[in-house]
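See structure below.
The values are calculated or read from the model by the stated rules, or taken from the named source; none is laboratory data. What you see is a predicted model; the values in this text were computed from it and never measured. FYI the Cβ positions are ideal-geometry reconstructions off the backbone, even for glycines, and counts take in every protein chain you see.
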Amino acid sequence: MKCLISISIFLISLFGCLAKQDNAKTLPDSTKRKLPIIDTGKFQTYTKDSIVHITLPDFLGLSHKAYESYKGYLQGVNKSDSSGPYVIRRYISDSLSFDLIFFPKTLNKDAIGFEDIEKADSNGYKDYLCFAFVYPMKKFAPASKYYHSDNTPYPVTIKSYVKRVNMWNFISKKKVKDLNELSQYKIQTMYGIAQ
């Protein structure tokens, strides 16, 4: 991780120096296209015009291959309007896992089902805020006695993203110690953006 940060700082410094040498000069297009891509483990970054960009996965596209989809309340907190019910797609792989929560902008959460989410795909989910909560999860087989157990290895750092104008935007990250803190973080993040 230190190496990646050092490389990023070096690249930013290098392009900053080039820009300062002659403000009227810009880098030729061929140089811009050959900028390095740095693998950060889960997401890739690249530097363009002295700015480090992160290439995020297509959470919605990946969610169509979800480990499971369900409608329910967030666990570990008191049952309330803010804890659900939500339609959630859970994606788990060796390199990436996330919960994708469909938060209705104006529709009643109780009335929304899987078929409504499938229909929303055709209009770009315009009636929903789509939230991706990225954190490590273990995969349990549906026949496992642990299937309904929390599959999160605590403490864990969770990152949140929201889809706006066809782009995923980073919201925040937080280290949580248990299921209660995880669900509280999701609720606070969604309602903080939705209002």
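Do we find that residue 94 is more than 21 Å from residue 65 (Cα to Cα) and among the acidic types (Asp, Glu) in this structure?
Considered against the rule, which asks whether it is more than 21 Å from residue 65 (Cα to Cα) and among the acidic types (Asp, Glu), residue 94 comes out as no.
Just checking, does the range 98-109 include any residue being touching a Pro at 6+ places or on another chain (Cβ under 9 Å), in a loop (DSSP other than H, G, I, E, B) and at pLDDT 85 or above?
Among the residues of the range 98-109, not one is touching a Pro at 6+ places or on another chain (Cβ under 9 Å), in a loop (DSSP other than H, G, I, E, B) and at pLDDT 85 or above, which makes the answer no.
Is it the case that residue 152 is surrounded by 15 or more Cβ atoms within 10 Å (Cβ to Cβ), farther than 21 Å from residue 60 by Cα and among the hydroxyl-bearing types (Ser, Thr, Tyr)?
yes
Filter the range 163-186 down to residues that are modelled with pLDDT under 95 and among the β-branched types (Val, Ile, Thr) and give me whichever is farthest from residue 83 (Cα to Cα).
Looking at residues that are modelled with pLDDT under 95 and among the β-branched types (Val, Ile, Thr), I get 165.
All but one of (1) touching a Lys or Arg at 6+ places or on another chain (Cβ under 9 Å); (2) without any contact (Cβ under 8 Å) to a residue 60 or more places away in the chain; (3) surrounded by fewer than 17 Cβ atoms within 10 Å (Cβ to Cβ) hold for residue 111, so report the exception by its number.
Just one mismatch for residue 111, condition (1).
Mind checking whether some residue in the range 39-61 is in contact with a strand residue (DSSP E or B) (Cβ under 8 Å, 6 or more places away or on another chain), part of a helix (DSSP H, G or I), at pLDDT 85 or above and closer than 20 Å to residue 160 by Cα?
Taking every residue of the range 39-61 in turn, at least one turns out to be in contact with a strand residue (DSSP E or B) (Cβ under 8 Å, 6 or more places away or on another chain), part of a helix (DSSP H, G or I), at pLDDT 85 or above and closer than 20 Å to residue 160 by Cα.
Determine whether the range 64-80 contains at least one residue that is over 18 Å from residue 181 (Cα atoms), modelled with pLDDT under 90 and crowded, with 18+ Cβ neighbours inside 10 Å.
Within the range 64-80 (the criterion being over 18 Å from residue 181 (Cα atoms), modelled with pLDDT under 90 and crowded, with 18+ Cβ neighbours inside 10 Å), the answer is no, since none of the residues qualifies.
Keeping to the range 126-149, report how many residues are surrounded by fewer than 18 Cβ atoms within 10 Å (Cβ to Cβ) and either modelled with pLDDT under 90 or out of contact with any Ser or Thr (no Cβ under 9 Å at 6 or more places or on another chain) (or both).
Adding up the residues that qualify gives 14.
Is there a residue in the range 120-136 that is closer than 17 Å to residue 81 by Cα and either part of a helix (DSSP H, G or I) or aromatic (Phe, Trp, Tyr) (or both)?
Scanning the range 120-136 turns up at least one residue that is closer than 17 Å to residue 81 by Cα and either part of a helix (DSSP H, G or I) or aromatic (Phe, Trp, Tyr) (or both).
So which residues in the range 97-108 are surrounded by fewer than 17 Cβ atoms within 10 Å (Cβ to Cβ) and of a type in the set (A, V, I, L, M), if there are any at all?
107
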